[in-house]
Amino acid sequence: MTATTASDQGGAFTELPSGYRLVVGLEVHVELHTATKLFCGCPNQFGDDPNTNVCPVCLGLPGSMPVLNAQAMELAMRLGRALHCEVRPSVFARKNYFYPDMPKDYQVSQYDQPTNVDGHLDLPDGTRIGIERAHIEEDTGKSTHVGGGGRIHDAAYSLVDYNRCGVPLVEIVSRPDFRTAEQAKAYVNELRAILVATGVSDAKMEEGSLRVDANVSVHQPDTPFGTRCEIKNINSVRSLGRAIEYEALRQVDLLEAGERVIQQTRHWNEDEGRTHMLRSKEEAEDYRYFPEPDLVPMVPDPARIEAIDAALPRLPAERRAALAEAAGRTLPDESVTIVVDRGLDELALDAVAAGADADRTLTHLQHDLDPDHAANVPAAHLAQLVELETSGALTASQAKQVVAEMGETGKAPEAIAAERGFEAMDTSELEGIVDEAIAANGEAWEKYCAGEQKAQGAIVGHVMKATRGQADGKLVSQLLEQRRSA
Amino acid sequence: MTAPISRDDVAHVARLARLTLTDDELDTFTSQLASILDHAADVEALDLDDVAPTSHPYPLENVVRPDEVRPCLDRDEVLAEAPSAEDGMFRVPPVLGEAP
Ligand SMILES: [Zn+2]
């Protein structure tokens, strides 16, 4: 069975067997980039010795009282505004459950009055994904299962580290707007870029500071959405795509066999490439939320929200649109997306404004310039380099090498070209070399003249050898073509 | 008036709170919780259309602290209070299933 991506007037969708379509919503938890935890002054730090960043508040000791971290609130509101949410008065709530990673036996979260509601995120391909809410909550501790076979259900005992317990999180709940696994992957990548650009989180999936759960269902077109299953334990963007596709096909199989999909939480196993059931939702969700009496309501000051808006950096979607326009594209394409991801879009805009050919500029910034070296390359140098290439003074491969060296040394392109002996080869000189190469490769030439295009390889190779790689390959092909049709 | 809470409701809530109640206790708590809910019903009977829900009784909002690191507890002291510890961590009975 396979899942392929198709598109109709409503945009792309995943084509599942028997005409089913995919519907996905994502819940993304991000750790906020603060110095301390959400409700106490313990360091918010990854990788320290277990239980060294703990105090009475985050250990849930009797009599301790939480006080909200001002910076966590600030970052949560900043993220909300970056996702075009409405920032509203909020109340914290207790979510009650028993599990050793929550020593209080409840998690402080937001329930019916979250800080951020009704936003959206635009994917690079233009798809708009709705954001239902982005609420603040505290992270849990980390338990390690010991003994038995190392597997959860036959562990002899568990060890708990509370360093992460109480670390500030925002949970971003999307609407069920994804129709392909690719869109879900693009969303997480885009969200990461926004989190990093705004300084809200370092958004490292491998360190757990960004975690993704996927709600997956399938249905037939023009019928209501199917029953969804929530997939947990997704540890990379790649796994997200695999998990969604596996789960969608599992559900199609069930429905085609005349069974029904039961709402449940499922665990993604990366090694086995499949999901398995953790628990049925029907019995698990009874958290008895109620307002947290130890924390007062938060009422954001409109002036503060205005200040946050004014201080927001330009976000990737806006930067892509600006670069696409400057480069004469109606929509951002892959080269635009990559150049923005590499943080080289300002340089590209300046070089194009200085007259550089946009396609060549984007090609070099996509592949040839190390982003860490960007400060060494003034836009004027880049524009000069592109001009040397456009005028034919440098070949594409020479220009590539010059760009890399411009980044390493900060020298001007002409100086580098001169040092490397990249001088424009006179066409008449090259014509002479091409004629010699034809004479030396008579057999290849005959095959080439008989229409065997790849026979030109031997002749081009001869020219390259004779010019120590300085000849422009495209020009050599042109000269051969001219001679063949003469 | 129907009973505001059933014995089954009390048993369910007790199970969620990991409390084991005897039959006598179930009866006692069912009637006690019913009288608390009756009192809430008295309040609910008032015309409260113009009154915003009160999540907190005191007129306070926006209480925050600066994002500054404060000293933590000494780990040995903390773990000495725990029933069991190993490798700097709290040792607890085997956990069945994953966190909600
Ligand atoms: Zn603490």
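With 0.36 nm allotted per residue and the present C-alpha distance subtracted, the A:Ala458-A:Arg260 stretch has 64.9 nm of extension available.
Obtain the radius of gyration and the Kirkwood radius of the range A:316-419 from its C-alpha atoms and give Rg over Rh.
Answer for the range A:316-419: 0.95.
With the full set of protein chains in place, find how many percent of the accessible area of chain A is carbon and sulfur; take the probe as 1.4 Å. Carbon-and-sulfur percentage of accessible area, whole number: 48. Secondary-structure-derived ellipticity at 222 nm for chain A, considering helices only, amounts to -11500 deg cm²/dmol, per-run term -39500 (n - 2.57) for DSSP H runs with n ≥ 4. Projecting label points 7 angstrom from Cα along Cα→Cβ for B:Asp74 and A:Lys204 puts them 3.2 nm apart. From the largest down, the range B:1-47 spans 39, 18, 13 angstrom on the principal axes of its Cα atoms.
Within the accessible area of chain B, the carbon and sulfur atoms contribute 55%, probe 1.4 Å, all protein chains present. Note on the protein assembly as shown: with charges restricted to the Cβ of Lys and Arg (+1) and Asp and Glu (-1), its dipole about the Cα centre is near 860 debye. Projected over all directions and averaged, the alpha-carbon convex hull of chain B occupies 13.1 nm². The residues of the range A:427-485 have, on average, 58 Å² of accessible surface per residue, using a 1.4 Å probe with all protein chains present.
Below 11 angstrom from the Cβ of A:Gly199, what's the summed charge of the other residues (Lys, Arg +1; Asp, Glu -1)? Taking every other residue near A:Gly199 into account, the sum is -1.
Across the protein chains, with a 1.4 Å probe defining accessible surface, the residues A:Asp372, A:Asp472 rank A:Asp372, A:Asp472 from largest area downward.
Interface of A with B. Using a 1.4 Å probe and counting protein heavy atoms only, the two chains hide about 4100 Å² of accessible surface, both sides summed.
Computed from the C-beta positions of A:Arg274 and A:Ser18, the FRET efficiency with R₀ = 22 Å rounds to 0.60.
Each of A:Asp125 and A:Ala156 was given a label point 7 Å from its Cα along the Cα-to-Cβ line. The distance between the two points is 5.1 nm. Given R0 = 35 Å, the distance between the Cβ atoms of A:Glu318 and A:Met65 translates into a calculated FRET efficiency of 0.25. FRET efficiency for the pair A:Glu419 and A:Glu481, taken as 1/(1 + (r/R0)^6) with r the Cβ-Cβ distance and R0 = 30 Å, rounds to 0.35. The C-alpha atoms of chain A occupy a region whose extents along the principal axes are 91, 56, 48 Å, arranged from largest to smallest.
Per residue, how much accessible area does the range A:316-419 have with a 1.4 Å probe, in Å²?
44
Fully extending the segment from A:Gln45 to A:Lys474 would add 149.0 nm, taking 0.36 nm per residue of separation and subtracting the current Cα-Cα distance.
Model label points for B:Asp47 and A:Phe98, set 7 angstrom from Cα along the Cα-to-Cβ axis, are 4.7 nm apart.
The values are calculated or read from the model by the stated rules, or taken from the named source; none is laboratory data. Remember, predicted model here, so these are calculated numbers, not experimental data. Because the Cβ atoms are built from the backbone with ideal geometry, glycine has one as well, and the counts that use them run over all protein chains shown. Please note that ligands, DNA and RNA were not included when accessible areas were found on the heavy atoms of the full protein model with its side chains. Shrake-Rupley method; radii C 1.70, N 1.55, O 1.52, S 1.80 Å.
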